[in-house]
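Structure record follows, encoded as structure tokens.
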Amino acid sequence: MQKIVTIERFILENQPRTAKGEFTNLLYDIALAAKVIASKTNRAGLANILGRAGSTNIQGEVQQKLDVFADDVIFRLCDHTGRLCLMASEEHEEVIHIPPQFEKGSYVLVYDPLDGSANIDVNVSIGTIFGIYRCLDHDKRGRLEDALQPGRDLVAAGYVLYGSSTMLVYSTGQGVHGFTLDPEIGEFLLSHEDIRLPEPPGYYSVNHAYYTQWTPGVQKFVRWLQGVETMPAKPFQLSERYIGSLVADFHRNLLGGGVFAYPAEKRKPQGKIRLLYEAAPLAFLAEQAGGYASNGSSSILDVVPTALHQRVPLYIGNRKLVEQLEAFIAAE
Ligand code: AHM
Ligand code: MG
């Protein structure tokens with residue numbers, strides 16, 4: 001019989017040598033939050049029948065919006081464990097402190113609880129993204145500075161994809177590993193060990209509707225991806241796929257090879273993607289899978305955040321594709 005590896009077993013057998021129980025258990029907490037969120041997202045379409053967000057359902061409970069629910073689940077599963085000194089979420093204006101009645105720990109959790117939320121109502125895949133940093137301060141007070149660390153200093157990062165199956169994909173700096181939730185037994189099972197971005201790449205993903213908003217270098221890059229621009233020669237043909245859920249677009253390109261871009265725009269020079277909750281964790285995974293993520297001129301992992309909700313242009317995927325984009329931008 002084939003060896004069945006649960007996420008608990010994998011985390012335990014592959015924890016970094018420096019990891020203490022605190023870190024290992026933090027990954028379990030996230031896996032548990034993923035299961036709770038998945039059970040709710042699977043029922044999202046029933047909201048119309050059982051009550052809309054903001055209304056009261058038949059049990060007399062007020063329905064929460066799914067992204068608020070996801071945010072709350074992660075916070076409540078992680079606030080009291082003594083493993084974190086601070087959290088920061090895309091749903092909160094300010095950093096989230098550990099309630100005073102609980103002990104603090106050595107790590108910082110940053111997360112986007114439900115990314116691609118515009119896709120919830122139309123039954124298209126959505127996701128959760130997370131990053132884990134070490135608390136900078138030995139007193140574990142948990143200050144803004146602890147959250148404003150560059151992606152290069154991530155200890156771990158990952159995402160959960162709520163798609164046709166629920167998957168959790170993460171890295172602690174020793175490769176990227178994917179687990180699929182078996183809903184019958186309620187366990188994440190190892191399904192994709194040591195994911196590497198394949199060559200030749202298969203896809204490119206960008207919202208073409210913004211073409212006129214891009215700078216000439218980005219426009220040239222997209223024409224090159226399409227095969228309209230022929231220099232330098234590109235010995236492979238790409239397909240275009242764009243879901244509009246970053247996790248889902250990133251996941252497909254991670255397995256099939258390719259590049260995702262959310263470029264800088266004339267009206268939005270920093271693009272749309274958030275550095276802390278979206279770009280940096282995925283950049284960490286891309287590098288671990290042999291790829292690269294850039295803001296157009298340098299590595300996303302080297303960008304030091306100055307504000308929690310800072311946005312950044314994002315080009316992420318197979319290294320050669322992203323470096324070609326940098327070359328087109330440099331020659332603008
Ligand atoms: P959100 O944080 O409001 O969900 O927005 C982020 C999402 C990403 O998942 C996706 O890549 C992008 O927005 C799509 O934006 P657009 O519709 O402009 O192409
Ligand atoms: Mg988001």
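The values are calculated or read from the model by the stated rules, or taken from the named source; none is laboratory data. Please read all numbers here as calculations on a predicted model, not as lab measurements. Using ideal geometry, Cβ is built from the backbone for each residue, glycine included, and neighbour counts are taken over all protein chains shown. The accessibility values were calculated without ligands, DNA or RNA, using every heavy atom of the protein model including side chains. Shrake-Rupley method; radii C 1.70, N 1.55, O 1.52, S 1.80 Å.
Descriptive notes on the structure:
Quick grid of which residues meet (1) surrounded by 14 or more Cβ atoms within 10 Å (Cβ to Cβ); (2) among the β-branched types (Val, Ile, Thr):
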| position | (1), (2) |
| --- | --- |
| Phe221 | yes, no |
| Glu229 | yes, no |
| Lys234 | yes, no |
| Glu240 | no, no |
| Asp249 | yes, no |
| Leu254 | yes, no |
| Val259 | yes, yes |
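- Test: residue in segment 153-164 that is on the phi < 0 side of the Ramachandran plot, away from ligand 2 (no atom under 16 Å from the Cβ), polar (S, T, N, Q) and assigned by TED's automatic domain parsing to the domain that holds Gly186: yes
- Cβ separations smaller than 6 Å between residues 6+ apart or across chains give the following pairs from segment 318-332 residues that are closer than 20 Å to Leu255 by Cα to residues that are aromatic (Phe, Trp, Tyr) and crowded, with 22+ Cβ neighbours inside 10 Å: Arg319/Tyr292; Val322/Tyr292; Val322/Tyr315.
- Only one entry in Gln324, Gln310 is closer than 16 Å to Val110 by Cα and at pLDDT 95 or above, namely Gln310.
- Scanning segment 267-309 for residues that are more than 12 Å from ligand 1 (Cβ to nearest atom) and either part of a strand (DSSP E or B) or assigned by TED's automatic domain parsing to the domain that holds Asp115 (or both), we see that the one that is surrounded by the fewest Cβ atoms within 10 Å (Cβ to Cβ) is Ser299.
- Test result for Thr180, over 21 Å from Ala283 (Cβ atoms) and in the same structural domain as Val259 (by TED's automatic domain parsing): no
- The one condition in (1) under 21 Å from Glu278 (Cα atoms); (2) open to solvent by 20 Å² or more (accessible area, probe 1.4 Å) that Gln101 fails to fulfil: (1)
- From the options Tyr133, Tyr170, residue that is without any contact (Cβ under 8 Å) to a residue 40 or more places away in the chain, away from ligand 1 (no atom under 14 Å from the Cβ), buried (at least 24 other Cβ atoms within 10 Å of the Cβ) and part of a strand (DSSP E or B): Tyr133
- Some residue of segment 196-205 being among the aromatic types (Phe, Trp, Tyr), without any contact (Cβ under 8 Å) to a residue 60 or more places away in the chain and either within 30 Å of Glu93 (Cβ to Cβ) or open to solvent by less than 50 Å² (accessible area, probe 1.4 Å) (or both): no
- Any chance Gly116 is open to solvent by 10 Å² or more (accessible area, probe 1.4 Å) and either within 16 Å of the chain's Cα centre (by Cα) or within 16 Å of ligand 1 (Cβ to nearest atom) (or both): yes
- Residue under evaluation Tyr262, criteria (1) touching a residue at least 60 places away in the same chain (Cβ under 8 Å); (2) of a type in the set (Ser, Thr, Tyr); (3) within 14 Å of ligand 2 (Cβ to nearest atom), criterion not met: (1)
- Taken together, the criteria place Gly186 among residues that are on the phi > 0 side of the Ramachandran plot, in contact (Cβ under 8 Å) with a residue 12 or more places away in the chain, in contact with a Lys or Arg (Cβ under 8 Å, 6 or more places away or on another chain) and open to solvent by less than 50 Å² (accessible area, probe 1.4 Å).
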